[in-house]
1. Calculate how steeply helix 91-100 sits against the longest principal axis of the alpha-carbon atoms of the chain, using the helix alpha-carbon long axis, and give the answer as 0 to 90 degrees to the nearest 10.
2. For the range 131-183, what mean projected area does the convex hull of the alpha carbons give, in nm²?
3. To the nearest 10 degrees, how steeply does helix 119-129 sit against the main Cα axis of the chain, on a 0 to 90 scale?
4. Just the Cα atoms of the chain, one point each, no solvent: what log10 I(q)/I(0) does Debye give at q = 0.16 Å⁻¹?
5. Helix 2-11: angle to the longest alpha-carbon principal axis of the chain, degrees 0 to 90, nearest 10?
6. Over the alpha-carbon set of the range 56-139, divide Rg by the Kirkwood Rh and report the Rg/Rh ratio to two decimals.
7. Give me the number: length gained by fully extending R115 to H12, i.e. 0.36 nm times residue separation minus the C-alpha to C-alpha distance, one decimal in nm.
8. Could you give the dipole magnitude of the range 17-158 about its Cα centre, charging the beta-carbon of Lys and Arg +1 and that of Asp and Glu -1, in debye to the nearest 20?
Amino acid sequence: MTGRLLDTLAAHRVRATFFLVGENVERHPEIVAREAREGHELANHSYSHPNLRRPSERVVRRQLRRTQEAIRRATGVTPTLMRPPYGATDRGVAAITRELGLAQVLWSVDPMDWRVRDKRHVARVVSHEAREGSIVLMHDIHPSTVAAVPRIIERLSRKGYFFVTVSELFGRPLVPGEIYTDR
């Protein structure tokens, strides 16, 4: 699915931020290398997608470090952003991300594409809820989400929006450990 999404983004000259699960990076380093080559921003989404509020600090550190290393090996890039799975964060996660130099990025628009697997629904919610400075959460593992992307790009472009990576959205380095949901 990611390859198809990358084709769509390239056709529309859109760049995105990909929050990557480390074990998937290790399984498909060629896809991650393509994301980097095509100018997309790469970010950490843990190694195996656990709720980071539950395990020990040692486990959280290992989840994030293994993913950092997997992305670095695949691309030469070391991320400075991370998204905690499920948006599950707390003071302990904040302290570890601060230590590892990772800002926490959540979202302001969630079409619930993991629950509602309907491209029309995803496109409608994102097109309706997106505002200037929004961070949109979408999952490229779902065919319906990938199928919604052309419609989203067309609708939001007609409204005068343009698409940027998270780092471009803020235009400055984000503070490690801090949480960002929109600009």
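The values are calculated or read from the model by the stated rules, or taken from the named source; none is laboratory data. Quantities reported herein were computed from a predicted structural model and do not represent experimental measurements. Here the Cβ is made from the backbone with ideal geometry for all residues, glycine too, and neighbour counts use every protein chain on show. In case anyone asks, the SASA skips ligands and DNA or RNA and just uses the protein heavy atoms, side chains included. Shrake-Rupley method; radii C 1.70, N 1.55, O 1.52, S 1.80 Å.
1. The answer is roughly 90 degrees.
2. Details: hull surface 17.6 nm².
Result: 4.4 nm².
3. Helix 119-129 sits roughly 80 degrees off the main axis of the chain.
4. -0.99
5. The helix 2-11 is inclined about 50 degrees to the chain.
6. Values: Rg = 15.4 Å, Rh = 14.6 Å.
On the Cα set of the range 56-139, Rg over Rh gives 1.05.
7. Numbers: separation 103, 0.36 × 103 = 37.08 nm, distance 2.68 nm.
Taking 0.36 nm per residue and subtracting the Cα distance, the gain is 34.4 nm.
8. On the way: 24 positive and 17 negative charges, 50 e Å.
So the dipole magnitude of the range 17-158 works out to roughly 240 debye.
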